[in-house]
Every structure is written in structure tokens, then in C-alpha cells.
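Scroll down for the structure; my scribbles are underneath it.
The values are calculated or read from the model by the stated rules, or taken from the named source; none is laboratory data. Remember, predicted model here, so these are calculated numbers, not experimental data. Heads up, the Cβs are rebuilt from the backbone with ideal geometry, glycines too, and the neighbour counts pull from every protein chain shown. The area values use the complete protein model at the heavy-atom level, side chains included, leaving out ligands, DNA and RNA. Shrake-Rupley method; radii C 1.70, N 1.55, O 1.52, S 1.80 Å.
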Amino acid sequence: MAEANWYVVHTYSGYENKVKANIEKTIENRHLEDQILEVRVPMQDVVEMKNGAKKQVQKKMFPGYVLINMIMNDDTWYVVRNTRGVTGFVGPGSKPVPLTEAEMRPLGINEANVVVDFAEGDSVVVTGGVWKDTIGMIQTMNQGKQMVTINVDLFGRETPVEISFTDIKKM
């Protein structure tokens with residue numbers, strides 16, 4: 001099987017989140033979860049001064065660009081290239097060029113896969129994030145995204161929540 005790489009897609013400025021949502025919807029509809037693994041709009045925290053008050057906001061690191069972790073083939077190229085708001089892949093001509101490890105490091109995107117000791121059906125405790133100290137049962141595992149879906153009790157109702165492998169531990 002071919003290896004997944006990170007590619008940069010050029011979009012209309014201001015359409016980055018819309019493009020991300022459209023690609024994710026297409027992935028779901030065409031069942032390409034195993035070929036297009038992740039879509040990101042890199043953000044950074046910036047302190048702004050407004051009316052004399054400091055305010056921390058998130059700004060896009062690269063306005064007009066979206067990062068996609070995918071296995072490049074005719075199907076995935078077609079899906080991404082023909083998404084509304086996408087003007088093309090970054091690379092010479094029509095050939096997309098994957099980002100190198102050195103280019104990925106400053107973006108804070110960790111390529112290392114986490115080895116886990118849990119499986120679907122196991123009970124886990126969330127160790128970080130919004131759901132810290134929550135106990136849940138693993139419903140699905142996505143090795144590509146390094147995420148699990150667990151059911152948590154929210155307002156007396158079972159609700160599925162996606163949690164990173166690094167934010168949970170087996171009970």
C-alpha cells in the first residue's frame with residue numbers, strides 16, 4: 001500500500017475552513033477514510049491589542065492554504081482538486097509535491113504513531129483535554145488519525161466523543 005504524505009492545497013482566501021469541511025464531507029460520502037487521513041487548517045495563538053486590552057485569538061498560519069494528509073492516487077487527487085474553493089495543489093505544474101519531515105516539524109504536526117495497549121470495547125480514562133477524568137468505553141479506533149471514539153455520559157445520555165490516543169489510558 002502507498003504511504004500517506006502531507007500535501008498543501010491552495011484555496012480562495014477566507015475559504016480554508018469551508019474547504020476543510022467540504023473535503024471531510026466528501027471523504028465520508030465516498031468512504032475514503034483510509035486514503036485521506038486528515039485535513040488541517042494550521043492555526044497559531046496571537047495576542048492582539050484592541051481598545052487597550054490584550055486579547056488572545058487564533059489566526060491562520062497560512063491564509064489561503066490547507067494541509068491534507070493523504071495517499072496520493074487518481075481518486076484522492078480528483079476529490080481534493082474538484083472541491084469547491086480549491087484552486088490546486090502546491091507544486092510544479094499539476095504534480096503535487098509532499099511536504100518533507102523538516103517542513104512539517106515547525107508546524108507541530110507529529111508524524112510518530114502512538115503504540116496503544118487498548119482495543120475496541122475496553123474501558124478507558126481520559127487523561128487530558130476537556131473530557132479529563134471521564135471514563136468511557138472505546139467504540140471505534142482510527143489508527144490513521146490516532147483517535148478513538150468513546151461514549152461519555154452527557155446530560156444523562158450516551159454521547160460519542162473523539163479523543164486522541166495520547167489523551168487516554170486503559171483502566
Query - Chain lengthening between VAL47 and LEU107 when straightened (0.36 nm per residue, less Cα-Cα) - result: 19.7 nm
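Could you tell me what percent of the accessible area of the chain is made up of carbon and sulfur, with a 1.4 Å probe and every protein chain present? Present the calculation step by step, with values, prior to reporting the outcome.
Values: 5420 of 10960 Å².
Percent of accessible area from carbon and sulfur atoms in the chain: 49.
How much net charge surrounds MET137 when only other residues with a Cβ under 12 Å from its Cβ are counted (Lys, Arg +1; Asp, Glu -1)? The partial results should precede the final answer.
Details: positive: LYS170; negative: GLU120, ASP122, ASP153, GLU158.
Neighbour charge sum, excluding MET137 itself: -3.
Would you work out the charge dipole size for the chain about its Cα centre, treating the Cβ of every Lys and Arg as +1 and the Cβ of every Asp and Glu as -1, and quote it to the nearest 20 debye? Intermediate values should be presented prior to the final figure.
Numbers: 19 positive and 22 negative charges, 190 e Å.
I would put it at about 920 debye.
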**Report entry** Geometric extent, Cα atoms of the stretch 34-129 - Rg, Dmax (angstrom)
**Finding:** 18.2, 52
Query raised in the report: All other residues with a Cβ under 15 Å from the Cβ of GLU48 taken together, and with Lys, Arg as +1 and Asp, Glu as -1, what is their net charge?
Result: +4
Report summary line: Under the 7 Å Cα-to-Cβ spin-label approximation, LYS18 and TYR78 lie apart by a distance in nanometres of 2.5
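Tell me, what are the semi-axes, in whole angstrom and largest first, of the equivalent ellipsoid of the chain as set by the roots of 5 times the Cα gyration tensor eigenvalues? Write down the numbers at each step before the final one.
Details: eigenvalues 177, 109, 49 Å².
Its equivalent ellipsoid spans semi-axes of 30, 23, 16 Å.
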Report task. For the chain, find the longest principal axis of its Cα atoms and tell me its angle to the long axis of helix 16-30, 0 to 90°, nearest 10. Result -> 70
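Just to confirm a number: summing +1 for Lys and Arg and -1 for Asp and Glu over residues other than GLU24 whose beta-carbon lies under 12 angstrom from that of GLU24, what do you get? Intermediate results must be reported in sequence, preceding the final value.
Working: positive: LYS18, LYS20, LYS25, ARG30, ARG40, LYS145; negative: GLU28, GLU33, GLU38.
Charge balance near GLU24 sits at +3.
With every protein chain left in place, what is the accessible area per residue of the chain in square angstrom, probe 1.4 Å? Kindly include the intermediate steps, with their values, before the conclusion.
Values: 10960 Å² over 171 residues.
Here the per-residue accessible area is 64 Å².
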Query raised in the report: What number, rounded to the nearest 500 deg cm²/dmol, is the helix-based mean residue ellipticity at 222 nm of the chain, given -39500 (n - 2.57) per DSSP H run of at least four residues and division by all its residues?
Result: -4500 deg cm²/dmol
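So which of LYS18/LYS145; LYS20/LYS169; LYS18/LYS55; LYS145/LYS170 end up more than 22 Å apart, counting from Cα to Cα? Don't skip to the end; give the middle numbers.
Values: LYS18/LYS145 20 Å; LYS20/LYS169 30 Å; LYS18/LYS55 25 Å; LYS145/LYS170 19 Å.
With Cα atoms farther than 22 Å apart: LYS20/LYS169; LYS18/LYS55.
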